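Inspection log for the structure reproduced underneath, given as structure tokens.
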């Protein structure tokens, strides 16, 4: 019976090591994705909107979704 508990102990130790390794890999993947998104965000700020280019920028949704639409709140 002791050998069974020793075997079960080894299985638990292995499973916790597996979860630890999986967590580390997942952490690195999420970190790399966040770094890529941050670099893309910086690229958009610098190359697309930088050097006063934001004054010429046209948003395809501008004016289509106003913050306040008087027709929505009109009584009558």
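What follows draws every value from the coordinates through simple rules; no lab data is involved. None of these values were measured; they are calculated from a predicted model.
So here's what we get for this one:
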item: Per-residue [θ]222 nm for the chain (sum of -39500 (n - 2.57) over DSSP H runs n ≥ 4, rounded to 500); result: -21000 deg cm²/dmol
item: Descending semi-axes in whole angstrom, ellipsoid equivalent of the chain, from the Cα gyration tensor; result: 56, 24, 5
